[in-house]
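Report on the structure given below.
The values are calculated or read from the model by the stated rules, or taken from the named source; none is laboratory data. Only a predicted model underlies this, so the values are computations on that prediction, with no experimental measurement involved. Because the Cβ atoms are built from the backbone with ideal geometry, glycine has one as well, and the counts that use them run over all protein chains shown.
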C-alpha cells in the first residue's frame, strides 16, 4: 500500500512537472523542447516555429478573432469547431434551408458560402520588443508615467517594423506587463463555409453534455480561405481563388492510445494563473455564484420558449449556447477550485513567497505586496458585484436593455463629437441592428426582463441601485415598458433613429424602454465603471510587481505567461482520470456511446437516421479501430476558451484531433491547473473523416487531405 502511494505521488509529480502551461512557440528551444521530447515528441522546436522555413505555425489560424482553426489541405481547407462556426451556419439558415438542423455540404467550390465580416489570421512572425518598450522608463516614474512612455515606444516600434505592405502588426504584453511581443500577421477576409454536420452531430449532447466526459460530440465545421490571384489577403470577390498555404497539417489515421504525446496549438483567450488567494476565493465563492444565478434564470426562460417554437429555436440557438457555455463553466470552476484546494495551495505559495522576500532582504521592494492585495480586493468587492450585475443583466441577457446601451453610446457620440460623427455612428448602428432584430423575440425578452431586473434590484449593492428600481414593482414596470417602447422591433428602432441628430435624441428620450435603459447605463458609466476601472488598475499595478517578483524569486519554476489570445503551445499526453472515489474515466469514447445516449426526437440527443444506419450496418470504412469508431479523447493539455478549434497534434505534427472543450472537474484550470483532473476534450479526427466521407458523402474534401500512418513508420 505504501509503495502504491509513493508510485501515485511520483506519477502526479511527473505530470505536474512536465505538463500544464501555455508556451510562446518562438521560445520553445531549451527546457520546453526537452520536456516535450521526454513526453514522446519526435520533432524539434524549429519544426514547430520557424520564420525562414515553413513550420507548423504556418498552418495555425486565428478564426474570426475568437477561436482557432487549422489548414488541412494545399487548397486552404480550414477545420474548426462547429460551435465556432455556429453563427455563420445560423446566418445562412432559414426555415426553408435549415443548415443548423440538416447540415450543409458544398459539393463544389462554387457552392461554398461567403461570410461577410469573417476573418482568418495567420502569424508571420513573433518578435520580442521588451527592451524597446521599456526605453526611457525608470523606477522614479509613476505607473501611469511608465505606461504612457511604453505606449509611446510601442507606437514607434509598430510604425518602424519591417513587414510587407499587406501585413498587419500588433503588440501584446505577457507576464502582466513585464515583457512585450510584437506579432506580424496576415489577415484574410474571404472565408467561405464548406461543410458542417447537423447540430444533432455537431452539437450532440448540447448543454447537458457541455464540459462533461465521456463526450460524443462531432464538434467540427469546415471553411476555406480565399485569396487574390497573387495569393494575398483580399476582400470577397468571385475572382478570388483558394489560398496556397506555406504549410498544412497531414491527417493521421492511426488514432491515439493512453500515454501518447499530444500537442495543442492555438490562441487561448485568457487565464489568470497567478492571482492571489483572496482573488480566487472571491471568484469561486462570491462572483461566480452571482453570475450563475443571473444566467440560470435567463436560460430557463429562453429554453422554455425554444422547446415550443422552432422559429424561436433558430433565432436563439447561438445566443443560448453562448450564455450556457460560461454558466456551466463557472459552476464547474467554483467546484474545481474547492475540490483541488486551489485557495489553500495559493496561500502556501504566498507563505513561501513572503519567506523568500524576508530571507533575501527584499522587504522594501516586495514585502508589502500581499497585504496590498488583501486591501485592494476587499475594497473592490462591492463595485465588482455592481459591474458584474450590470454586465450580465443590462449589457448581455436582457436584449431590450442591450439595444438601449447601443443607442446610449450613439447619443454620447452626438454630445461629444457632433452631428457628422453621429451620422456615421448611426449608420453602423442601423447595420448592427439588422442582425440584432433578426434573432429577437419580444415575448421571450419580456419574460427575461422581468425576472432578471428583479434579481438585479435585489442583489446589486445598494450604493449602486438605480432610482427606478426602488419600489420592487417589477411586473408593473415590465408591462409598462414593453407596451410603450418601440425598441421591440427593427421598424420601431429604425423609426426612433430616423431624422437629424437633435430629432433622434428628442425621440429616443421619450421612449419608455430607452428611458429605463439609459438610466441604468448612465448610472453604470458615471458611477460604477469609473470606480471599477480605478480599483482594477490599482490591482493590475500590484499584480505586475508581484509577477516580476515571482519570476525573480522562483527562477527554476515553470512559470508560463497567462493566455491573452496570442499563439501558444500546450503539450501533454492522452490520459484518463479519476474524478472521484472508485470512478475512473477511460480516455477514448466511441460511436457506441452515441447510440447509448440516443433519445428519439430529443433536441440534445437525437441521432440522424443515416448515422444510425451506418452504425447498424457497421459501414465504418477505414475510420474504425477494432470494429468501433472513435469519437473523442481526452488529454492533459492545458487549454481554455480560444483553444476551441485548435488542432491536436501527434509526436510528428500530424493532425489527430480537434480541441473543443474541457472536463467539468478541471474548468478551474484558468485559475489553477491541477494535473490530476484537468483534461481537455478533443474530437478524434477519424470521426471527423467518417462523418465527412460516409455520412455526408463529401469525398472531394477527403481527397484534398494528406492522410498518413505515422505509427507504421
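Listing for the model above:
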read-out	value
Enumerated strands (runs of 3 or more DSSP E) restricted to the stretch 34-117, each holding at least 1 residues that are more than 20 Å from residue 704 (Cα to Cα)	60-63, 67-71
Any hit, the stretch 222-231, residues being farther than 20 Å from residue 122 by Cα, in the same structural domain as residue 115 (by TED's automatic domain parsing), surrounded by 23 or more Cβ atoms within 10 Å (Cβ to Cβ) and modelled with pLDDT of 95 or more	no
The one condition in (1) in a loop (DSSP other than H, G, I, E, B); (2) in contact with a helix residue (DSSP H, G or I) (Cβ under 7 Å, 6 or more places away or on another chain) that residue 153 fails to fulfil	(1)
Single condition residue 596 does not satisfy, out of (1) surrounded by fewer than 24 Cβ atoms within 10 Å (Cβ to Cβ); (2) at pLDDT below 95; (3) assigned to a helix (DSSP H, G or I)	(2)
Residue that is farthest from residue 482 (Cα to Cα), among those in the stretch 387-410 that are surrounded by 19 or more Cβ atoms within 10 Å (Cβ to Cβ) and more than 25 Å from the chain's Cα centre (by Cα)	410
Selected residue (only one of 98, 127, 109, 102 is outside the structural domain of residue 315 (by TED's automatic domain parsing) and under 30 Å from residue 178 (Cβ atoms))	127
Positions within the stretch 437-462 being under 24 Å from residue 90 (Cβ atoms) and surrounded by fewer than 16 Cβ atoms within 10 Å (Cβ to Cβ), in sequence order	438, 443
Among (1) surrounded by fewer than 15 Cβ atoms within 10 Å (Cβ to Cβ); (2) modelled with pLDDT of 95 or more; (3) under 25 Å from residue 224 (Cα atoms), the one test that residue 167 misses	(1)
Residue check, residue 669 farther than 26 Å from residue 592 by Cβ and crowded, with 22+ Cβ neighbours inside 10 Å	yes
For residue 180: the one exception among (1) closer than 27 Å to residue 657 by Cα; (2) more than 19 Å from the chain's Cα centre (by Cα); (3) buried (at least 20 other Cβ atoms within 10 Å of the Cβ)	(1)
Residues of the stretch 148-162 that turn out to be buried (at least 16 other Cβ atoms within 10 Å of the Cβ) and free of Cβ contacts under 8 Å to residues at least 24 places away in the same chain, as a count	2
Residue match in the stretch 602-613 (condition: closer than 17 Å to residue 214 by Cβ, assigned by TED's automatic domain parsing to the domain that holds residue 72, buried (at least 17 other Cβ atoms within 10 Å of the Cβ) and in contact with a strand residue (DSSP E or B) (Cβ under 8 Å, 6 or more places away or on another chain))	no
Yes/no for residue 667 being in contact with a helix residue (DSSP H, G or I) (Cβ under 7 Å, 6 or more places away or on another chain) and not assigned by TED's automatic domain parsing to the domain that holds residue 58	yes
Yes/no for residue 684 being farther than 18 Å from residue 68 by Cα and either buried (at least 19 other Cβ atoms within 10 Å of the Cβ) or in contact (Cβ under 8 Å) with a residue 60 or more places away in the chain (or both)	no
Positions within the stretch 282-295 being surrounded by fewer than 18 Cβ atoms within 10 Å (Cβ to Cβ) and more than 13 Å from residue 389 (Cβ to Cβ), in sequence order	285
